[in-house]
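Only one structure is covered here, and it is reproduced in the block below.
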Amino acid sequence: MTINTDTSYHGPVVALDLDDTIYKERDFAISGYRAIDTLFADDVLPAMTRALLNGGNPLDAALEASGQPNPPTIPQMLRQYRYHTPHITPSPGAIEFLTTLQKQKIHTALITDGRSVTQRNKIAALGIQQFFSPEMIIISEEIGADKTSPIPFRQLVRLRPEASRFFYIADNPAKDFLYPNLLGWTTIQLRISPELNIHQPDTAPSPDHAPQIRLPDFKSILPVIIHYTQRQ
Ligand SMILES: [Mg+2]
């Protein structure tokens, strides 16, 4: 892979997670259930949504709710879920935050785990592609490594080796903050209506997994970035 390294950039790099950080993954799930619902002759959406809220398996729920003699198969439903064009919107303040960073010429990145097509469909649906240089969108399937390893984070460091500081803004202490913490980044957990997040609860498995800073909304982030960038 060609690495578009920019050695002339000396400012901070602000990397963000995608799912349950820039938008609510639950909205993607419901959008996916709507897409699955179109495979059925009967309306299975209420059963799938109920399963999501009760911690059940939405695909099993759809099959149970359907009276169809030949319902779609699980692989067909999974394909529909993963590859549909999602109807999702950015969380409050996300676009304003990205716009401000862009105006201030602060370099931004996305570090997200998932399938290439699925994550890129989400990025397109959210209309956020314009805020990131192409090489700064780091998707686990495309690089063959996810956030349970330091690889995606190291890749970003290689792209901006002279950056003054790296930030990672994400939601899930189970996997989002360990490696950026170990690499000396500043980690920020964004907690916008965390009760709506897909991954619960949000306790860190170890102190190294914990975010350094917790913030309730996008508008609280920029002052923190400016503070930490000027402090050194
Ligand atoms: Mg996330």
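Taking helices (runs of 4 or more DSSP H) as the structural unit, those lying wholly within segment 111-173 and holding at least 3 residues that are at pLDDT 95 or above and within 16 Å of the ligand (Cβ to nearest atom) correspond to 116-126.
In segment 133-157, the residues that are of a type in the set (G, A, S) form Cβ pairs under 6 Å with partners that are not in a helix (DSSP H, G or I), at six or more places apart or across chains, as follows: S140/D113; S140/D146.
Could you check how many residues of segment 7-20 are closer than 17 Å to P152 by Cα and either touching an Asp or Glu at 6+ places or on another chain (Cβ under 8 Å) or surrounded by fewer than 21 Cβ atoms within 10 Å (Cβ to Cβ) (or both)?
2
Elements of the type helices (runs of 4 or more DSSP H) sitting completely within segment 1-74 and holding at least 1 residues that are more than 30 Å from T229 (Cα to Cα), within 16 Å of the ligand (Cβ to nearest atom) and among the basic types (K, R): these cover 25-37. Against the conditions (1) within 13 Å of the ligand (Cβ to nearest atom); (2) in contact with a Ser or Thr (Cβ under 9 Å, 6 or more places away or on another chain), L196 satisfies every one except (2).
Selection of segment 68-97 for residues being surrounded by 14 or more Cβ atoms within 10 Å (Cβ to Cβ), in contact (Cβ under 8 Å) with a residue 40 or more places away in the chain, of a type outside the set (S, T, Y) and farther than 24 Å from N57 by Cβ yields P90, G93, A94, F97. Among the residues of segment 119-152, just one is open to solvent by less than 10 Å² (accessible area, probe 1.4 Å) and in contact with a His (Cβ under 9 Å, 6 or more places away or on another chain), namely M136.
Test R191 against the criterion of being closer than 18 Å to D217 by Cα and open to solvent by 20 Å² or more (accessible area, probe 1.4 Å), and give yes or no. Considered against the rule, which asks whether it is closer than 18 Å to D217 by Cα and open to solvent by 20 Å² or more (accessible area, probe 1.4 Å), R191 comes out as yes. Is it the case that L52 is touching a Lys or Arg at 6+ places or on another chain (Cβ under 8 Å) and either at pLDDT below 95 or over 30 Å from Y168 (Cα atoms) (or both)? In short, yes.
The numbered conditions (1) open to solvent by 40 Å² or more (accessible area, probe 1.4 Å); (2) within 16 Å of the ligand (Cβ to nearest atom) are all true for T100 except (2).
The values are calculated or read from the model by the stated rules, or taken from the named source; none is laboratory data. Since this is a predicted model, take the numbers as computed values, not measurements. As a convention, Cβ positions derive from the backbone with ideal geometry for all residues, glycine included, and neighbour counts pool all protein chains shown. When the accessible area is computed, the model is the full protein with side chains, heavy atoms only, and any ligands, DNA or RNA have been set aside. Shrake-Rupley method; radii C 1.70, N 1.55, O 1.52, S 1.80 Å.
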